[in-house]
1. Taking region A:130-150, which residues are open to solvent by less than 30 Å² (accessible area, probe 1.4 Å) and of a type in the set (D, E, K, R)?
2. So, of the residues in region A:107-144 that are free of Cβ contacts under 8 Å to residues at least 60 places away in the same chain and among the β-branched types (Val, Ile, Thr), which turns out to be farthest from the other protein chains (Cβ to nearest Cβ)?
3. May I ask you to list the residues in region B:152-187 that are of a type in the set (S, T, N, Q) and open to solvent by 40 Å² or more (accessible area, probe 1.4 Å)?
4. Kindly indicate whether B:ILE257 is facing chain A (nearest Cβ under 9 Å), in contact with a Leu (Cβ under 9 Å, 6 or more places away or on another chain) and assigned to a helix (DSSP H, G or I).
5. Please specify each residue of region A:225-239 satisfying the condition of being farther than 16 Å from A:ALA128 by Cα and small (Gly, Ala, Ser).
6. Restrict the check to region B:194-201 and report whether at least one residue is more than 12 Å from B:ALA85 (Cα to Cα) and either surrounded by fewer than 21 Cβ atoms within 10 Å (Cβ to Cβ) or out of contact with any Ser or Thr (no Cβ under 6 Å at 6 or more places or on another chain) (or both).
7. What is the number of the single condition among (1) modelled with pLDDT of 80 or more; (2) open to solvent by 20 Å² or more (accessible area, probe 1.4 Å); (3) within 15 Å of the chain's Cα centre (by Cα) that A:ARG255 does not meet?
8. Just one of A:ARG240, A:ARG214 is in a helix (DSSP H, G or I), of a type in the set (Lys, Arg) and more than 10 Å from chain B (Cβ to nearest Cβ); which is it?
Amino acid sequence: MMLSSRRFTKKRISLLFAYSLSALLMIWLSYLLPSLLPGDFVTAMYSTSEDVTLTAAQESELRAYYSQDTGFAKYLIKLIRLDWGNSYAFLTPVSELFFDALPWTLLLLVSANILAALTGFIAGVEAAFRRNSRFERSLVSCGTIMEGLPEICTGVILLAVFSLYLGWFPAAGAETAYAELSFQEWLLDVGHHLTLPLASLVIAYFPGNFLLTRTSMIMVISQPYIKTAQAKGLSGLRIRYAHAARNALLPLVTRFGLRLAFTVTGAFVVERIHAYPGLGTLLFNAIRLRDLPVIQAIVLISSIMVLAMIMLLELVYASLDPRVQDAYQR
Amino acid sequence: MHINAKKKMLRDPWLLTGGILFFFFATASIFGSAICPHDPSAMEFTPLSSPCAVHPLGVNDCGQDILAGLICAVRNTVLFGLTCAAVSLCIGVLIGLTAGWFGGIIDMLFMRLADVLLAVPAIMVLILISALFQPPPLTLAVILALLIWPTISKAIRAQTLIVRESPHVRAAVQMGAGNSYIIFRHLLPELFPLYLIGFSGKCRMAMFMEASLAFMGLIDPGRKSLGMMIHYALKYYYLDVWWNWLLPPVLCLSLLIMTVTFIVISLEKMLDPRLRENFGESAV
């Protein structure tokens, strides 16, 4: 026991080390890669335009304005002080754009993850207890098909049907612009705008949660203590949720944490389809305009957030279930 | 045991569906351009014209035949997925076997490297690289492969640790077999099922990422791809291009991802030892 816990600590430390190292790797990449760039913003901006012709002096002036000649240490310090430079396209600080978009992304992703985890969990538990019934089989089939549906496709289809064809939901944005609304009306309005992107994400995340819960439940059900609980004459609901499901919860919690960690990256495409003003749309527009500081900041900060989430998960994980200290591999 | 698994495989409806779809896509990407008479990149037709006998799916905004583009896009996506999966499988298998067989410092080094790579968000690196350098898509596939091999190699390593203790491998060592002989003659073929799972899993991931990157406009616009078709068609939604321009790539992409998903899920069910143990056990 002593030995295994020491081994576990060692393993955890090495994992934490790996995460820190990869965070550093990402920061270094985001510092290094742009400087290797052959073309730059000035060329990208003006080479395609026919109305603007720059003289050599003007061009070098622009270049000097936009160049980022700093050492790596300076880059790190600026990063920590939230000084992420100015957007080329909007001329506002990148951090401002970032923090304007972040709440919308968080709202979308946290609610999508919670909804998908809840529904997936309940469906998984119920399916596992009705093994080999028609209910289970059709649910598993649905889950498998949904697992094969990429977010791009669900997003586009939902947008086409419910927003553009039926007109039930708005096609873009997170709130009605310039509308004078009371707080309650505003909440409803936000919910209305949230529905479609949320649905796309829940459909994307549900099957993974469902299939995972079902598998771990099936493993739990075959344990003797479930038979004991049945023999005691406990109600089905009680057995399912108080006895069995609790022990099948762990993989789902892990997945939930990992999913939450990848949320920032996960919704780029869906946000773009529904023109939801989160980080995804910000990144998309930045890519279109070759707005380098913005791309750099979003990529970097969201990957650091991912790594921080995983590290946090790693730290709290052992307290969730001491049995599986070693099982957490990823 | 072996025959039993094969029989079970043939009866699995998911694997069957996946196989049929796979066959369909393979045929379409190999022979598709022979059937469709248009050049996918030729801009010579009336832009935005509706479907007719000559253009079964109509013409896009640049005056290109949509069906030809679709066939080309499917082929590109499949090629991207296969390239990435093949490269990451090769790296993953080699490193997994080496780490598992030799152990010690080699194992430690490789596995720590794998941990670091596992933590790096691959899509972010891809976004950064393709936004900055716009490398050719197949280079992108290889870069992606360099980032995602660790899961394969971890599974291979774990299984190698089990197989290396088995009697026939020990016997081979006793008889003086060299390291490379054991790795290539014993371990490599024995772990075959894991390769199938790893390969199809990575293929799915790569196709998904290719579509997302193309949709975001990060892959060369001159190259046909499903993500980009969706992206452009979405701009013209008000022209009722739903069923001839937007839906076909959406459908193709879903079916492609489904094909691989079905294969992955049924292979895992069949071959993953942790899941196999619970096969046939009755529920409460």
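1. Across region A:130-150, the qualifying residue is only A:GLU136.
2. Filtering region A:107-144 for residues that are free of Cβ contacts under 8 Å to residues at least 60 places away in the same chain and among the β-branched types (Val, Ile, Thr), the one farthest from the other protein chains (Cβ to nearest Cβ) comes out as A:ILE114.
3. Within region B:152-187, B:GLN159, B:GLN174, B:ASN179, B:SER180 meet the criteria.
4. Numbers: facing chain A (nearest Cβ under 9 Å): yes; in contact with a Leu (Cβ under 9 Å, 6 or more places away or on another chain): yes; assigned to a helix (DSSP H, G or I): yes.
It is true that B:ILE257 is facing chain A (nearest Cβ under 9 Å), in contact with a Leu (Cβ under 9 Å, 6 or more places away or on another chain) and assigned to a helix (DSSP H, G or I).
5. Within region A:225-239, A:ALA229, A:ALA231, A:GLY233, A:SER235 meet the criteria.
6. Checked region B:194-201: at least one residue is more than 12 Å from B:ALA85 (Cα to Cα) and either surrounded by fewer than 21 Cβ atoms within 10 Å (Cβ to Cβ) or out of contact with any Ser or Thr (no Cβ under 6 Å at 6 or more places or on another chain) (or both).
7. The one condition A:ARG255 does not meet is (1).
8. Numbers: A:ARG240 fails: more than 10 Å from chain B (Cβ to nearest Cβ).
Answer to the check: A:ARG214.
The values are calculated or read from the model by the stated rules, or taken from the named source; none is laboratory data. A quick note: this is a predicted structure, and the numbers were derived from the prediction, not measured. Backbone-built Cβ (ideal geometry, glycine too); neighbour counts: all protein chains shown. The accessibility values were calculated without ligands, DNA or RNA, using every heavy atom of the protein model including side chains. Shrake-Rupley method; radii C 1.70, N 1.55, O 1.52, S 1.80 Å.
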